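Nothing in this text is a laboratory measurement; each read-out follows from the coordinates by a stated rule. Here the structure is a predicted model, which means the values were calculated and not measured. Positions of Cβ are generated from backbone atoms using ideal geometry, with glycine treated the same way; all protein chains shown enter the neighbour counts.
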Amino acid sequence: MARQLDKGLYQGCDSWLVRGLEALGRDIGGRAGTSIRSATLQGTGTALRSVSATPGVVPVDELHLALLKGNFAKALEICRSFRSAQRHDRAAVYVRLLLPVILQLGRDWTDDRAGFEQIAFAYSLMHRIIETLGEATPAMARARAPLHLGRAIVAVAPGDAHDFGARVLVKHLELQGWDVAFVDGFNTQKVAALLKSGPVDALAVSVSTDSAFIGLADLIGEWRSVEAAQHTEVIVGGAAIMPPYGHYSFLQADQVGLRINEMSEHLLSQMTNGRYGRWSLS
């Protein structure tokens, strides 16, 4: 799902280290919580009104610098301004802006351009930005078309702490009209319950580290055994998935290696050709 993220993002970053990064980030974020909440509520502060999005320009470097400096208000405004400029591509802020910045932060860490605490805080702020951008105002909710294409689950492989790509995929699919449930890598046991709760068209599993493959094939087999999931399409992707994809047949997945921006097109084509039991969008 996040195959386009360079695998260098994870070199030297085992799961225990990433959990440490995120735990420290939450701790730092908690200490800075007042300023973050204030910036979220204020939205566009007077001091930031000069931030604007130029059509065709993706402010990756600008957002990257704001996160490294711990400037949540500016980072959020950059994202909001860019999203407003992309009127015909609501998912652009995730795929074209946030993902490249996540890649840069990963490279900052692996290349020793930034310290542990600085990257941890930047990750914490990035999580908060993704959450904030996903919060719909009443006006936004009214403007959204009442389109419900189907139901999907996006899960992170058990024990995998890298969930940025999966979270971005969730937002991307939601913007396309899918009802999406997200399960992180430390609550994977919830997937079976979600499958039992009603028909699920697709289950996408994100694998970002080689260690996350351990036991994954057996787990996918268990999910497939759920009676209500007999027709659920299983898709596996992530930074750990590298071509040729035929090497991953042991996972028992229907599709392997789809990129985030390919997912919605794939699910829509599967729906319209009857894969999910619905021959038309009407």
**Asked** Failed condition for Ser249, given (1) farther than 22 Å from Asp210 by Cβ; (2) touching a strand residue (DSSP E or B) at 6+ places or on another chain (Cβ under 9 Å); (3) not hydrophobic (A, V, I, L, M, F, W, C), with all others met?
**Response** (1)
**Prompt:** Any chance segment 254-262 includes a residue that's in contact with a Gly (Cβ under 9 Å, 6 or more places away or on another chain) and among the basic types (Lys, Arg)?
**Reply:** yes
**Request:** Test Val200 against the stated conditions and say whether it is part of a loop (DSSP other than H, G, I, E, B), β-branched (Val, Ile, Thr) and under 21 Å from the mean Cα position of the chain (by Cα).
**Result:** yes
